[in-house]
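The structure under discussion appears below in the form of structure tokens.
Here, each number is a calculation from the coordinates, and none is a lab measurement. Keep in mind the model is a prediction, meaning the values are calculated, not measured. For neighbour counting, all protein chains shown are included, and Cβ atoms are generated from backbone atoms with ideal geometry for every residue, glycine included.
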Amino acid sequence: SEWSLVSAKRHRDSISPSSTYPAMSSSTAIAEGELISILDSTTISPAGSATVSPTPTAAVLPCEMCQNYELSLKNAQDSERKMQDELKAARSLAERYESELVEERQYRQNLEKKMMETAAQTEEQLNESAKSFAALSAKFDEAVESARKARLETTVTVEAAKEHISLIEKEHSDLVAKFEKLLGVKAATAAIMREEPIDITSDVDSLQYAVLKTREELIECKAAKEYNEAEMRDEIAALSAQLHEEKAAKEQRENEMMDKLNEAHTSLGIANSQISDSEQVAVKSDAQARQITELQHTIAELEQQVQQVQSERAAVEQTSANFRQRCSALQHELDVSEQVQKDFVQLSQSLQIQLEKIRQSDQEVRWQWEDEISECSAPSCTTTVARLRPKPRCMHCGKIFCAPCVSTTVPAGKNARPAPVCAVCHTLLNKDSAPFFSREPNK
């Protein structure tokens, strides 16, 4: 019991009944609270034995209560171990669920990828099946149309052959009737000859003449008969051959038509099978389309997130662009300022040169002779004036210039007539005019 009290006192600050054991019963919590109050009043001697201070509560508690407290402490420790085991089990279960969630996400991504590939393949198969069905339908229509045309042609040919055969049969019957009629005429003539009385002369010459005449008539009859028979045989043979050829052509056309019809039936069967396959593919495509729709909702949510990130990025880029634009504007202003300073320096130098020239001109004759000057006297102009007669001249300083450099005028004399002057003299004479150095130089 001493060891239990010591261990309980060591762990009393780290164990809280209300926070560590929320599922503990109220009686156990009360007992443990009492145990902690006892531990507060308990001291441990240097020898390691526990002594209880003489408090009223400790004085009245019997030893059985200590045993109950020890039992409660053991139960609390057992509950702690059980809770730790449950916590470990919950952590392992959470880790397992997390790994399963990762695997499920990976499986879902793979499934989405496969579904997209399957949808693309299905759509491609549907397009190919539609194209094949359209091609087979066109072929079937062509076969039906060609069969109809061939049937019409065969019918027309058969009708023409029948008409030709009937015509030939009619001609044959006419020839037979003519031949029979011819035979009947001969027979009638022979009967007439039989009924005629036989008048045999006793003259030998007359008898010979009659025999010869009869022989010639007999030969002529046989020749006519043989000619007619040969002609009839030739016609019958030709008609028979033509009839056989027409029958063979008819049979060949019928066979060709049967082959075409069989081919059309085969193509139709293939088309029907492909249509059934296309229907099955369409059913699969519908199922995949539903799955794709579900995936598209997920993709739409992700796209919204991406758009939000892109909008934030665009705002940052816009701010950066504004700063860049402001920096470029400041840089441009700085460049302009530097250029203005350079221009002011050059202007100051030019003004000093012009002032020095004006001072020198006050000490010498300003007039320039035309044969001595070949270029414009303006400092920024190099136009030649060698061929000009008379050469343009400033009416104030007397120097020779090109025509554009003395295009400005000032009123002179009592009548205020316009007098051409150079830019420098115009600036000196006209107070309201812009300085000559602010103008573009003549080139």
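Testing the spin-label approximation: label points 7 Å from Cα along Cα→Cβ at A282 and W367. State their distance in nm.
11.2
Straight-line reach from K391: which lysines have a Cα under 25 Å away, not including same-chain ones fewer than 8 places off?
K357, K399, K443
Ranking R148, R253 by Cβ neighbours within 10 Å, fewest first, what do you get?
With the fewest neighbours first, R148, R253 line up as R148, R253.
Can you flag which of K149/K170; K139/K250; K170/K247; K162/K225; K178/K247; K178/K225 are past 21 Å Cα-Cα? Show your work: numbers first, answer last.
Working: K149/K170 31 Å; K139/K250 25 Å; K170/K247 19 Å; K162/K225 31 Å; K178/K247 29 Å; K178/K225 12 Å.
Beyond 21 Å between Cα atoms: K149/K170; K139/K250; K162/K225; K178/K247.
What share of all Cα pairs of the range 267-351, in percent, falls into each consecutive 10 Å distance bin?
Computed distribution, short to long bins: 14, 15, 14, 12, 11, 10, 9, 7, 5, 3, 0.
From the phi of every residue in the range 280-291, what ³J(HN,Hα) in whole Hz does the Karplus formula 6.51 cos²θ - 1.76 cosθ + 1.60 yield, where θ is phi - 60° and glycine or proline is x?
4, 4, 5, 4, 4, 5, 4, 4, 5, 5, 5, 5
Taking amide H atoms as placed 1.01 Å from N in the peptide plane, list the residues 5 or more away in sequence, or in a different chain, whose amide H sits under 5 Å from that of T383.
C376
When we measure straight from the Cα of K82, which lysines land under 19 angstrom away, once same-chain ones fewer than 8 places off are left out?
K74
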